[in-house]
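What follows is calculated from the coordinates using simple rules that are stated; it is not laboratory data. Keep in mind that this is a model prediction, so the values were computed, not measured. A quick note on method: Cβ atoms are made from the backbone with ideal geometry, for glycine too, and the neighbour counts reach across all protein chains shown.
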Amino acid sequence: MEEGKRKLQLLPDTYAVCRLEKNAPAPDWGTGGLFSSITRTEEELSVVCPDAHVPDGVKRQGGWRVLKVEGPLDFSLTGVLASLTAPLARKGISVFALSTYDTDYLLVKKEQLEKAIQALRGEGYEVEEGCRVQGEK
């Protein structure tokens, strides 16, 4: 594989991006599943977690699938997210990106997932699709 090219893994489940008030406590429902993220800023508390865990009445946008970049990534690497998001942007695919200490994650709306995977493969990325949501084609 070319230098800088990475493998990606499609995580199971469909995820939601939620917005809570800035002073809200971190919710227990927001920490389950294989992947979750809680981020607090001056303006808001954002929670990313499986769609099925979000209670009614919470402001959210659901229907996201998660592509995990094979890691760990060294902090000296540059352009990792740019190399992933540029081909998606050229295809008109919106992403929600998150990073952790070890790696990066791209959230793509499930309606655009196949188009996103094709675009990334067209750029030489390997995408492991073995982790589909039960019942999805």
Total charge of the residues flanking G32 in space, meaning their Cβ is under 12 Å from its Cβ, with Lys and Arg +1 and Asp and Glu -1, is -3
Protection-proxy order for peptides 99-109, 119-129, 36-46, each taking the mean of Cβ atoms within 10 Å per residue, highest first:
99-109, 119-129, 36-46
Below 23 Å Cα-Cα, how many Lys pairs turn up in the chain? Only count pairs eight or more apart in sequence, or on different chains, if you could.
25
So for region 1-54, averaging the separation of alpha carbon pairs under 8 Å that are six or more residues apart and normalising by length, what relative contact order in percent results?
39
Between region 20-48 and region 62-123, what's the alpha-carbon centroid distance in Å?
21
Cα gyration tensor of region 12-66, axes a ≥ b ≥ c as square roots of the eigenvalues: rounded (a/c below 1.5), prolate (a/b > b/c) or oblate?
prolate
How far apart, in nm, are the 7 Å Cα→Cβ label points at R121 and L34?
1.9
Linear extension gain, K91 paired with D56, 0.36 nm per residue minus alpha-carbon span:
9.3 nm
If Lys and Arg each add +1 and Asp and Glu each add -1, what is the summed charge of the other residues whose beta carbon sits under 15 Å from the beta carbon of V54?
-1
Relative contact order of region 32-75: what whole-number percent is it, with Cα pairs under 8 angstrom and at least 6 residues apart?
27
Once you place label points 7 Å from the Cα toward the Cβ at K110 and N23, how far apart are they in nm?
3.7
Candidate values [x] 61, 30, 24; [y] 42, 39, 21; [z] 44, 38, 25, label of the one derived for Cα extents along the principal axes in Å:
[z]
